[in-house]
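Enquirer: Before anything else, here's the structure in question.
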Amino acid sequence: MRLPLIERYRAHLPVSEKTPVVSLLEGSTPLLPLKGPEEARALGVRLYAKYEGLNPTGSFKDRGMTLAVSKAVEAGAKAVAAASTGNTAASAAAYAARAGIRAIVVLPAGYVALGKVAQSLVHGARIVQVEGNFDQALRLTRELSERYPVALVNSLNPYRLQGQKTLAFEVVDELGDAPHYHALPVGNAGNITAHWMGYKEYHALGKAKRLPRMLGFQAAGAAPLVLGRPVEKPETLATAIRIGNPASWEGAVRAKEESGGLIEAVTDEEILEAYRYLAAEEGIFCEPASAAALAGVWKLLKEGRLEPGSTVVLTLTGHGLKDPGTAERVARLGEAVPARLEAVAEAAGLV
Ligand SMILES: *Cc1c(COP(=O)(O)O)cnc(C)c1O
């Protein structure tokens, strides 16, 4: 039977008997062996995709949110708040709905695209547009949490990383050990920090014999960790990693250095190539940001920088349906054909 993430890993999480478990049965996502690409097969490199798009709201954010919202309710919060248009807001809204408390999303006016916040709105979140910039929205969200019974569930909330570390536990539980490499996209860098925390904890307990090298990938137009300085106007079609000044900067650098890994950049073209490959050759539809993990590994394979015979896990962070705009741009619909069998067979590529 599928368990709430908090129950499955209770012994490793900061919860007690008094913590109310707010769950949508997140986590326990599939670890799918990939067929390719060709460059991996040739080197005997085994790739696995941890398909986080199959979480309740379509991204790994649910792993952190079950814990953040449970702890918020335990502390008596009547609402949770975040400044986010994306997967964090959607996840906060769903878990708040489940808990019977309010979700508040604070954003600069004019910044809000309905498509991005639609999921949060349907879950009943209050979207507050303020006349100001993103920094002001973030500051006001923090002030709300200081003056009212509102819990902040932005990436600074420490419980989120605690919940997200369970992805590493699941990988080790399933493979019997840590992989040689673990690749993932890096935006605010909370997830790479959390993965590394999880691997180290399992290793310290003797549940994993080795530690993986962490491979973090940023989009070339939003690569502060690669450049070593914040990026003022980050640009990439992978919106979930369009971040110029990561909240968990130090955690990411530590994960890279302690694991002997790397953080590098991939271009939007490389991201799209991996995105198409995963959908069309492997049957896995993920967000463009998620595909950055494969784009990076693919580049390392081509450059001969991965050990032959090694095992690589990719975190595919979010579901492809989150971003129908990119799918529409990549997909090409042909012209209509006459309603005749030969014409249909020809257009279908059968003759
Ligand atoms: C949040 C998110 C990321 C980035 O994760 P960080 O912890 O901010 O580095 C990547 N992909 C998707 C789909 C996300 O929702």
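Enquirer: Taking every eigenvalue of the Cα gyration tensor of the chain, multiplying by 5 and rooting it, what semi-axes result, largest first, whole Å?
Expert: Details: eigenvalues 204, 141, 82 Å².
Semi-axes from the Cα gyration tensor: 32, 27, 20 Å.
Enquirer: Restricting things to Cα coordinates, could you compute the convex hull volume per residue of region 216-351 in Å³? Can you show the working numbers first?
Expert: Numbers: hull volume 19.3 nm³, N = 136.
Cα convex hull per residue, to the nearest whole number: 142 Å³.
Enquirer: If I histogram all Cα-Cα distances within region 230-283 using bins 5 Å wide from 0, what percent of pairs lands in each bin?
Expert: Once binned at 5 Å, the Cα pair distances of region 230-283 give 4, 15, 18, 20, 19, 15, 8, 1.
Enquirer: Now for a different question. Peptides 186-196, 94-104: what's the order by average Cβ count within 10 Å, highest mean first?
Expert: On the way: 186-196: 27.4, 94-104: 21.4.
Descending packing order for the listed peptides: 186-196, 94-104.
Enquirer: Additional query: What is the Cα centroid distance between region 1-45 and region 49-71, reported in whole angstrom?
Expert: Centre-to-centre distance over Cα atoms comes out at 9 Å.
Enquirer: If the only charges are +1 at each Lys and Arg Cβ and -1 at each Asp and Glu Cβ, what is the size of the charge dipole of the chain around the Cα centre, to the nearest 20 debye?
Expert: Dipole about the Cα centre, nearest 20: 1000 debye.
Enquirer: Could you do me a favour and compute the accessible area per residue for region 60-152, 1.4 Å probe, result in Å²?
Expert: 46 Å²
Enquirer: Between Arg213 and residues 5 or more places away or on another chain, which pairs have amide H atoms under 5 Å apart, with H built 1.01 Å from N, and which residues are they?
Expert: Those lying under 5 Å, H to H, from Arg213 are Tyr181, His182.
Enquirer: Quick one: net charge of Leu314's neighbours, Cβ under 12 Å, K/R +1, D/E -1?
Expert: 0
Enquirer: With the contact rule set at Cα under 8 Å and sequence spacing of 6 or more, what percent relative contact order holds for the chain?
Expert: 18 percent
Enquirer: Using Cα pairs closer than 8 Å and at least 6 residues apart in sequence, work out the relative contact order for region 60-152, in percent. If you can, show how the numbers build up before the last one.
Expert: On the way: 153 pairs, mean separation 29.5, N = 93.
Over region 60-152, the number comes to 32 percent.
Enquirer: So what are the ³J(HN,Hα) numbers for region 335-351, from phi and the Karplus equation (6.51, -1.76, 1.60; θ = phi - 60°), rounded to whole Hz, Gly and Pro as x?
Expert: Using θ = phi - 60°, the values come out as 6, 5, 10, x, 7, 10, 3, 4, 5, 5, 4, 5, 5, 7, x, 8, 10 Hz.
Enquirer: Ok, one more. Please list, in order along region 157-172, the HN-Hα scalar couplings obtained from phi with the Karplus expression 6.51 cos²θ - 1.76 cosθ + 1.60 (θ = phi - 60°), rounded to whole Hz, x for Gly and Pro.
Expert: Running phi through 6.51 cos²θ - 1.76 cosθ + 1.60 with θ = phi - 60° gives 5, x, 5, 5, 5, 4, x, 5, 5, 5, 4, 5, 4, 4, 4, 5 Hz.
Enquirer: Still on this model: For region 179-284, take the alpha-carbon Rg, divide it by the Kirkwood Rh, and send me Rg/Rh.
Expert: Radius of gyration relative to Kirkwood radius: 1.01.
Enquirer: While we're looking at this one, here's another question. Can you pull the percent of the chain's accessible area that's carbon plus sulfur, 1.4 Å probe, other chains left in place?
Expert: Exposed carbon and sulfur together represent 53 percent of the surface.
Enquirer: Show me the ranking of peptides 265-276, 216-227, 31-42, 335-346 by mean Cβ neighbours inside 10 Å, starting with the highest. The partial results should precede the final answer.
Expert: On the way: 265-276: 20.3, 216-227: 23.4, 31-42: 15.2, 335-346: 9.7.
The most tightly packed comes first, giving 216-227, 265-276, 31-42, 335-346.
Enquirer: Further question on the same structure: How much net charge surrounds Arg102 when only other residues with a Cβ under 13 Å from its Cβ are counted (Lys, Arg +1; Asp, Glu -1)?
Expert: Combined, the nearby Lys, Arg, Asp and Glu give +3.
Enquirer: Which percent, to the nearest 5, of DSSP beta bridges fully inside the chain are antiparallel?
Expert: The answer is about 15 percent antiparallel.
Enquirer: With only alpha-carbon atoms counted, please give the Rg and Dmax of region 140-210, in Å.
Expert: For region 140-210, the Cα radius of gyration and maximum Cα-Cα distance read 15.4, 47 Å.
Enquirer: Hey, what number do you get for the chain at 222 nm if only DSSP H runs of n ≥ 4 count, each worth -39500 (n - 2.57), divided across all residues, to the nearest 500? If you can, show how the numbers build up before the last one.
Expert: Numbers: 15 runs with 150 residues, N = 351.
Value at 222 nm, helices only, nearest 500: -12500 deg cm²/dmol.
Enquirer: Next question, about the same structure. How long are the semi-axes of the equivalent ellipsoid of region 1-144, taking √(5λ) for every eigenvalue λ of the Cα gyration tensor, in whole Å from largest down?
Expert: Numbers: eigenvalues 195, 102, 30 Å².
The equivalent ellipsoid of region 1-144 has semi-axes of 31, 23, 12 Å.
Enquirer: Related question: Quick check: from the Cα gyration tensor, does region 60-152 come out rounded (a/c under 1.5), prolate or oblate?
Expert: oblate
Enquirer: Within the set of other residues whose C-beta is less than 13 Å from the C-beta of Thr141, count the net charge using Lys and Arg as +1 and Asp and Glu as -1.
Expert: Neighbour charge sum, excluding Thr141 itself: +1.
The values are calculated or read from the model by the stated rules, or taken from the named source; none is laboratory data. Remember, it's a predicted structure, so these values are computed and weren't measured experimentally. Here Cβ is always computed from backbone atoms with ideal geometry, including for glycine, and neighbour counts include all displayed protein chains. When the accessible area is computed, the model is the full protein with side chains, heavy atoms only, and any ligands, DNA or RNA have been set aside. Shrake-Rupley method; radii C 1.70, N 1.55, O 1.52, S 1.80 Å.
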